[in-house]
Amino acid sequence: MGGRKRVVVTGGAGFLGSHLCDRLLAAGHVAICVDNFHTGRRANVDHLNDHSSFELVEHDIAAPLNLDADEIFNLACPASPQHYQDDPVRTTKTSVFGAFNVLELANRTRSRVLQASTSEVYGDPLEHPQHETYHGNVNPIGPRACYDEGKRCAETLFFDFQRQYGTEIKVARIFNTYGPRMQPNDGRVVSNFIVQALRGAPITVYGEGAQTRSFCYVDDLVTGLVALMGSPPDLMGPVNLGNPGEFTVRELAKLVIDLTGSSSKMVFRPLPADDPRQRRPDISLASSALGWRPEVGLRDGLVRTITYFESLLKYGAPLEPA
Ligand code: NAD
Ligand code: UDP
C-alpha cells in the first residue's frame, strides 16, 4: 500500500482484526476499528488507545456505516463454530447485511474492500486439497450453514457489486488460523487444547480425531491479507490464504501435550454435525500472484501461542476452555 491511508477494519477488536490493526499502524496508516464486541474484546486493542492514528468505533455492521475510508477490511463475524452457532440468525445477518453495508460504504467512499471469507465455503470438501475453482460441498440446512452460507452469500454480493457497480473488491478465503489473542473460551481447537493442556485437564478430541486441518500462524495470515489488499485491481480472488501443512486433530493434541509438557490425556467426545473431514489449501494462486507463502511452521507457532496463554495464566485470567 503506497502512502498513508484511512483503513477501516471491521471486527478489528477480534483475534485477526487486532493483529491487522497493529500491522496497519506499524506501516503508518490510520486504522479505524469497527466492532460491536460480540466475540472480540476491548483488551485486544487497549494497547492502541493512545496511538494517534487509531480510532475505535462501536458499531454493529448489520446496520449501515458512515465513515471516511480509503480501504476496508471486512472481518466482523464470529468465527468459532461454538460462537457462530449460538445465535445463527444473527450470524447470517452479520455476514450478509454486513457485506452489503461495507460494499455500500466502499461505493460511497470509492474505496477498495476486502472480504474475510473462509475455507468453510468448501464445506466437507470432496476435492483435496481445495483449489479456488472448487465450488464446495456445503449442507445448506445444517447447524454450520449460518456461517458457511452466510459467507458464500457475502462472496456473491462482493462479485455482484463488482460486476454491477464496478466496486474494487478482494476476497480472501482464510483457512484455520491461530495465535496470541485467541480467547481462552473461544472454543476452537487450538485454544481449547492449549488451555486444557496448561490446566492439566482432559484434551477434548471430537470424533476419533482423524479429521484434518491446516493451521496458519496469525502473522503469516495478516501478511497475506495486506498483500492481497495491495495487489493489482484485476486480482479480485477468491484467493486461498492458509498453511498447507496438514495435521489430524489427534496429531495436534499430541503436539500440544508434548510442547506444554502436560500430564493431560485425550478424551473422545462426539463429532459435531457436518464437521469437515479434511481440509488443506492449495495456495498456488497466492504464491504466484502475491509471492506469499506462510513462514511459521506449526511447532513454532504453537510455542508462541502457548507462551501467550501461559502469560494469561500468570496474570490470573480465568483459563476456562469452552
Ligand atoms: P473473532 O471472533 O476473534 O473476531 C471477530 C470480530 O468481529 C470480533 O471482534 C467481534 O466482536 C466482531 N463482530 C462480530 N459480529 C459483529 C458485528 N455484527 N458488527 C461488528 N463487529 C462484529 O474471529 P477471528 O478469528 O478474528 O475472525 C475474523 C474474520 O476472519 C471473521 O470474518 C472470520 O469469519 C474470518 N476467518 C477467520 C478464520 C480463523 O481461523 N481465525 C478462518 C476463516 C475465516
Ligand atoms: N475440535 C476438537 N476438539 C475441540 C475443538 C475442536 O476435536 O475441543 C475439532 C473439531 O471437531 C474440528 C477441528 O477440531 O474437526 C477444528 O475445529 P475448529 O472449531 O477449530 O475449526 P473448524 O471446525 O471451523 O475448522
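Readers should treat all values here as calculations from the given coordinates under stated rules, not as data from a laboratory. If you're wondering where the values come from, they're calculated on a predicted model, not measured in any experiment. A quick note on method: Cβ atoms are made from the backbone with ideal geometry, for glycine too, and the neighbour counts reach across all protein chains shown.
What the table below lists for this structure:
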item	result
Selection within the stretch 41-96 - near ligand 1 (Cβ under 8 Å from one of its atoms), surrounded by fewer than 18 Cβ atoms within 10 Å (Cβ to Cβ) and not in a loop (DSSP other than H, G, I, E, B)	Arg90, Lys93
Qualifying position, being within 16 Å of ligand 1 (Cβ to nearest atom), of a type outside the set (Asp, Glu) and buried (at least 21 other Cβ atoms within 10 Å of the Cβ), among Thr167, Thr118	Thr118
Which numbered condition Leu65 fails, given (1) under 22 Å from Val222 (Cα atoms); (2) touching a helix residue (DSSP H, G or I) at 6+ places or on another chain (Cβ under 7 Å); (3) of a type outside the set (D, E, K, R)	(1)
Which listed residue, of Val45, Val34, is touching a helix residue (DSSP H, G or I) at 6+ places or on another chain (Cβ under 6 Å) and β-branched (Val, Ile, Thr)	Val45
Residue in the stretch 203-213 that is more than 9 Å from ligand 1 (Cβ to nearest atom), among the charged types (D, E, K, R) and assigned to a helix (DSSP H, G or I) present	no
Single match in Gly207, Gly200, Gly224 (criterion: touching a residue at least 40 places away in the same chain (Cβ under 8 Å), out of contact with any Leu (no Cβ under 8 Å at 6 or more places or on another chain) and among the small types (Gly, Ala, Ser))	Gly200
Single residue of the stretch 241-281 satisfying the filter (under 28 Å from Gly142 (Cβ atoms) and of a type in the set (A, V, I, L, M)) that is farthest from ligand 1 (Cβ to nearest atom)	Val267
Of all residues making up the stretch 214-253, the number that are in a strand (DSSP E or B), under 17 Å from Thr118 (Cβ atoms) and of a type in the set (S, T, N, Q)	2
